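The values are calculated or read from the model by the stated rules, or taken from the named source; none is laboratory data. Quantities reported herein were computed from a predicted structural model and do not represent experimental measurements. All Cβ positions, even for glycine, are placed from backbone atoms using ideal geometry, and neighbour counts span all protein chains on display.
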Amino acid sequence: MEGELSNFFMVWMSVVASLCYCRTIGNITKQGTITRFLLLLPVISLFLFLPLNLTTVYLGGATSFFVAWLAVFKLLLFAFGRGPLSSNLSLTSFILLACFPIKIQNQSSSTKKDSNKSCLNFAMKSIIFATHMPVFKRKPYMHPKLFLVIYSVYLYLGLEIILAAMAALARAFLGVDLEPQFNEPYLSTSLQDFWGRRWNLMVSSILRPTVYDPVRLICSRLIGKERAPLLAVIATFIVSGLMHELIFYYIGRIKPTWELTCFFLLHGAGVAIETVIKKELKGKWRLPPAVSVVLTVSFVMVTGLWLFLPSLMKCEADIRARRETLALFEFLKSLSGMILGFRKEEIIALLSSSSRS
């Protein structure tokens with residue numbers, strides 16, 4: 001674990017130094033030029049390599065998502081003068097926006113009531129997530145499918161907690177309101193609603209300008225404006241699948257089986273079909289929300305159990321994450337023991353000096 005922490009520190013020092021270089025390049029080159037792209041290309045290549053230096057689920061998985069996906073895509077947008085990054089940003093803002101899943105709100109529309117509701121919601125989810133260790137101990141006695149269902153819930157809760165923690169840290173440094181990463185995905189009324197407005201919104205906001213918009217623009221010239229959005233949707237989901245394959249490779253170092261790509265291709269086709277049906281119906285008829293929510297969540301869960309989670313299980317992510325959690329608890333326990341030991345020695349020394357005086 002000490003070696004992993006050392007590698008983690010070196011990886012993020014490299015990330016920070018590289019982003020300082022990128023911001024400097026942004027100041028001395030014009031946006032949208034091939035010169036800026038070529039000067040940023042070594043950093044983009046480095047960011048795809050850096051996660052290979054980490055092997056843990058928590059540190060390696062989070063770093064691969066933040067650096068090899070988010071930072072790479074944001075730098076590509078930055079090279080062509082688009083996206084959240086700008087050379088006008090302060091260095092701290094540039095670094096935080098580049099490699100963390102955060103997006104600044106244009107206008108703050110949150111109220112105190114909404115804030116309290118959000119805090120209560122987050123607290124309840126944290127309490128539920130805290131029960132995962134005892135539940136995982138019962139894994140040998142559970143039906144494999146039941147365990148996958150429970151694990152999928154914990155996976156969602158863990159992602160939301162981690163991303164919310166990152167957003168809280170970034171908010172403290174930037175002093176601005178940030179958009180939420182999740183918007184109650186279990187209330188989705190359609191696949192479009194799930195992927196576009198509720199699930200991991202940072203990824204959606206990055207894939208739209210980097211994949212969807214360029215593909216739609218190109219396809220509109222080749223096959224017309226009506227069909228272009230459908231191909232753009234499918235292309236976006238394919239890229240998302242490939243990036244998930246890459247991240248899972250960073251985590252498990254296992255050769256891809258392309259189940260993840262099939263999962264996202266299936267959902268991309270589903271979103272495209274929904275788009276066509278809604279266009280044909282023109283809002284004349286729609287399912288009751290209670291029915292559409294059940295159908296949407298059921299489809300996501302069934303396809304996830306079929307194609308998504310098996311790839312994660314092959315990495316033994318649940319076993320390794322539990323082992324890393326226990327190691328963290330042991331580290332914190334030993335650290336607290338050392339601190340208490342030092343305090344005890346200080347108190348004894350203070351009492352001895354007082355008695356002598």
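Annotation: Phe66 fulfils all but one of (1) on the phi > 0 side of the Ramachandran plot; (2) crowded, with 18+ Cβ neighbours inside 10 Å; the unmet one is (1).
Report, by residue number, each residue of segment 204-238 that is under 23 Å from Pro51 (Cβ atoms) and either buried (at least 19 other Cβ atoms within 10 Å of the Cβ) or among the acidic types (Asp, Glu) (or both). Within segment 204-238, Ile206, Leu207, Thr210, Val211, Thr236, Phe237 meet the criteria.
State yes or no: is Phe65 under 24 Å from the mean Cα position of the chain (by Cα), assigned to a helix (DSSP H, G or I) and not assigned by TED's automatic domain parsing to the domain that holds Leu155? Yes: the conditions hold for Phe65.
When Thr63, Thr55 are checked against the criterion of being out of contact with any Leu (no Cβ under 9 Å at 6 or more places or on another chain), within 21 Å of Ile247 (Cβ to Cβ) and of a type in the set (Ser, Thr, Tyr), a single residue qualifies: Thr55. Assigned to a helix (DSSP H, G or I) and under 18 Å from the mean Cα position of the chain (by Cα) - does that describe any residue in segment 12-24? The answer is yes; a qualifying residue exists. Being touching a residue at least 40 places away in the same chain (Cβ under 8 Å) and surrounded by fewer than 20 Cβ atoms within 10 Å (Cβ to Cβ) is a property that holds for Leu266. Selection of segment 137-164 for residues being more than 23 Å from Val302 (Cβ to Cβ) and either of a type in the set (Asp, Glu) or surrounded by 12 or more Cβ atoms within 10 Å (Cβ to Cβ) (or both) yields Ile161, Ile162, Leu163, Ala164.
In segment 248-265, how many are among the hydroxyl-bearing types (Ser, Thr, Tyr) and either under 19 Å from Leu50 (Cα atoms) or in contact with a strand residue (DSSP E or B) (Cβ under 8 Å, 6 or more places away or on another chain) (or both)? Number of matching residues: 2.
The residue that is nearest to Ala321 (Cα to Cα), among those in segment 21-36 that are crowded, with 17+ Cβ neighbours inside 10 Å and touching a residue at least 24 places away in the same chain (Cβ under 8 Å), is Cys22. Counting the residues of segment 60-82 that are hydrophobic (A, V, I, L, M, F, W, C) and closer than 22 Å to Ala317 by Cβ gives 7.
Restricting attention to segment 1-20, the residues that are surrounded by 14 or more Cβ atoms within 10 Å (Cβ to Cβ) and over 14 Å from Phe66 (Cβ atoms) total 2. Of the residues making up segment 267-278, not a single one is in the same structural domain as Val211 (by TED's automatic domain parsing), outside any helix (DSSP H, G or I) and more than 21 Å from the chain's Cα centre (by Cα). Answer yes if at least one residue in segment 285-293 is surrounded by 13 or more Cβ atoms within 10 Å (Cβ to Cβ), assigned by TED's automatic domain parsing to the domain that holds Lys137 and in a helix (DSSP H, G or I), and no otherwise. Yes: one or more hits. Pro101 meets each of the listed conditions (1) part of a helix (DSSP H, G or I); (2) surrounded by 19 or more Cβ atoms within 10 Å (Cβ to Cβ); (3) at pLDDT below 90 apart from (1).
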